[in-house]
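Working notes, structure below.
The values are calculated or read from the model by the stated rules, or taken from the named source; none is laboratory data. Predicted, not measured: the structure shown is a model, and the values here were computed from it. Here the Cβ positions follow ideal geometry from the backbone for every residue, glycine too, while neighbour counts run over all protein chains shown. Quick note on the areas: whole protein, heavy atoms, side chains included, nothing else; ligands and nucleic acids left out. Shrake-Rupley method; radii C 1.70, N 1.55, O 1.52, S 1.80 Å.
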Amino acid sequence: MEYCQKDGIVFEGYSPLAKGHVLSDPVVQQIAKKHGRTAAQICIRWSIQNGVVTIPKSIKKNRIQENCQVFGFQLDEEDMVALGNLHDGRHVTWDPTNVE
Ligand SMILES: NC(=O)c1ccc[n+]([C@@H]2O[C@H](COP(=O)([O-])OP(=O)(O)OC[C@H]3O[C@@H](n4cnc5c(N)ncnc54)[C@H](OP(=O)(O)O)[C@@H]3O)[C@@H](O)[C@H]2O)c1
């Protein structure tokens, strides 16, 4: 991300909802409750506030609408840090770490 942002390359989040696996996480749930939003909206908002383009996928109309409603609120610094600390090395898709 730092490399891309430094060189003006748009960075896109792949599987921004971790294919749905992260939505039941207690930290995500607690932040969702605090803001009166859904877990998916919290995850999408986190990507946006990190300057990351995010393309969540859903086959359900109501979820697509829900996933678009992410502009009327702001995660605070404490939320951003808590969400940023969630990564535990798991991957839900291919691992780009070793791509050259
Ligand atoms: N950039 C690329 O090169 C590339 C390549 C391939 C694919 N993609 C795209 O990347 C996107 C990522 O999709 P992804 O499937 O990997 O991961 P994702 O967006 O992280 O997760 C999608 C999963 O979350 C569920 N979901 C979506 N919104 C939800 C909500 N509001 N509440 C509860 N569950 C929700 C979906 O279920 P339902 O569908 O049942 O709602 C689906 O199971 C897709 O649009 C895909 O087409 C990009």
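Listed values, structure above:
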| quantity | calculated |
| --- | --- |
| Percent RCO, i.e. relative contact order, over the chain, from Cα pairs under 8 Å lying at least 6 residues apart | 29 |
| Part-to-part distance (alpha-carbon centres) for region 2-42 and region 44-100, which is given in Å | 2 |
| Inter-site label distance for Met80 and Lys34 at 7 Å from Cα along Cβ, in nm | 1.3 |
| Whole-Hz couplings from phi, Karplus 6.51/-1.76/1.60, listed for region 53-59; x for Gly and Pro | 5, 10, 10, x, 10, 8, 8 |
| In range of the label at Arg90: residues from region 1-37 whose backbone nitrogen is under 17 Å from the point 7 Å along Cα→Cβ | 14-30 |
| Within the accessible area of the chain (1.4 Å probe), percent carbon and sulfur | 54 |
| Calculated from backbone phi, Karplus (6.51, -1.76, 1.60) coupling profile of region 75-92 in Hz, x at Gly/Pro | 6, 8, 4, 4, 4, 4, 5, 4, 5, x, 8, 6, 4, 10, x, 6, 10, 9 |
| For the chain, radius of gyration divided by Kirkwood radius, i.e. Rg to Rh on alpha-carbons | 0.95 |
| Cα-based Lys proximity count in the chain, under 26 Å, for pairs eight or more positions apart or on separate chains | 11 |
| Hypothetical label at Phe11: residues of region 75-100 whose amide nitrogen lies under 14 Å (7 Å Cα-Cβ projection) | 84-85, 96-97 |
